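The values are calculated or read from the model by the stated rules, or taken from the named source; none is laboratory data. Bear in mind that the values here come from a model prediction, so they are computed numbers and not experimental data. Ideal geometry is used to build each Cβ from the backbone, glycine not excepted, and the neighbour counts take in all protein chains shown.
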Ligand code: ADP
Ligand code: MG
């Protein structure tokens with residue numbers, strides 16, 4: 001619920017910004033929205049040249065989202081992924097082409113990030129109280145953590161493409177695609193819009209975006225990056241953007257405090273514990289929202305220094321907001337600066 005509220009507010013903020021900064025002509029924008037994956041989705045778009053049937057489009061997008069959810073949700077016990085997770089065997093388990101694609105991308109990001117991104121951390125996400133089940137009363141013990149760590153490791157997952165199937169080398173291993181599925185769904189919806197001849201849009205699921213064309217008056221979409229502070233909603237920077245995917249991960253909303261210590265929903269697969277460092281949020285731009293989504297989570301795990309190295313070595317367009325004692329500092333990777341001509345940083 002807290003997550004839903006958070007994402008509702010984010011979507012609202014995005015919409016205010018995309019409408020608030022624009023000129024009159026953009027009142028022609030069509031808007032549709034709905035709910036999926038425990039969060040909200042929305043599209044602001046210019047109609048196609050032969051007119052867009054908004055109600056039919058909305059229905060079509062929602063249906064496609066429901067389909068993806070029935071494959072990849074860990075909240076739905078009947079989903080394909082839940083069935084794989086409950087299948088306590090090391091035999092091959094047949095999966096859909098779509099799930100195989102998302103697992104393949106995830107495994108590639110795990111390799112690239114030396115395991116910072118790991119779709120097998122699900123049991124630890126649950127243990128720390130950020131999964132589908134209720135949080136326990138106490139902070140997990142080292143013993144509990146170590147027991148689950150023995151079941152974690154992306155290299156224990158094998159993927160086969162023809163026909164698509166997956167297996168686990170440890171029967172208790174579970175797959176959690178929460179850090180990449182929203183981004184994937186955004187890419188799928190963007191494809192549907194393009195096929196319907198909608199070429200100017202801002203499409204978003206829980207803060208993961210695809211942006212195309214312009215916002216009605218020929219000028220780029222204005223995307224607000226939130227200042228990572230609790231309990232208030234402020235803008236840290238505005239990116240004028242066109243034709244890209246974008247995803248943000250942060251540890252400043254989905255977290256809880258216990259004995260003065262912050263526990264957030266991003267888990268370091270090496271320690272088995274929520275990350276603890278000064279990096280407050282990471283935004284990644286990539287043609288693929290799925291890749292941007294996975295990379296944003298991975299960079300959050302890696303932290304500022306290792307994250308910077310990764311971006312510079314692999315031309316990743318990323319924007320970090322870092323908590324320093326008194327203020328917030330910013331890191332924009334070289335690839336980001338090529339992508340976004342002018343980042344407007346908003347003064348505190
Ligand atoms: P959000 O859901 O806020 O968009 P993310 O994309 O970063 O944020 O996804 C966070 C979710 O990813 C967590 O709730 C958890 O289910 C999962 N997760 C946590 N740590 C990792 C990790 N190291 N690698 C992959 N997935 C993770
Ligand atoms: Mg992510």
Which strands (runs of 3 or more DSSP E) sit wholly inside segment 215-297 and have at least 3 residues that are more than 17 Å from the chain's Cα centre (by Cα) and at pLDDT below 95? 235-241, 255-258, 261-264
Please indicate, with yes or no, whether at least one residue in segment 79-93 is within 16 Å of ligand 1 (Cβ to nearest atom), in contact with a helix residue (DSSP H, G or I) (Cβ under 6 Å, 6 or more places away or on another chain), at pLDDT 95 or above and part of a loop (DSSP other than H, G, I, E, B). yes
Any residue in segment 140-147 that is at pLDDT 95 or above and under 23 Å from the mean Cα position of the chain (by Cα)? no
Looking at segment 245-271, I want the residues that are closer than 23 Å to residue 189 by Cβ and have a partner that is part of a loop (DSSP other than H, G, I, E, B) and at pLDDT 95 or above with Cβ atoms under 9 Å, at least 6 apart or on another chain. Which pairs are those? 245/287; 245/288; 249/179
Among (1) closer than 21 Å to residue 339 by Cβ; (2) more than 14 Å from ligand 1 (Cβ to nearest atom), residue 231 falls short only on (1)
Count, please, the residues in segment 131-167 that happen to be in a loop (DSSP other than H, G, I, E, B), within 29 Å of residue 314 (Cβ to Cβ) and touching a helix residue (DSSP H, G or I) at 6+ places or on another chain (Cβ under 9 Å). 3
Which residue, of 89, 49, 42, is more than 16 Å from ligand 2 (Cβ to nearest atom), touching a residue at least 24 places away in the same chain (Cβ under 8 Å), loosely packed, with under 13 Cβ neighbours inside 10 Å and closer than 22 Å to residue 221 by Cβ? 49
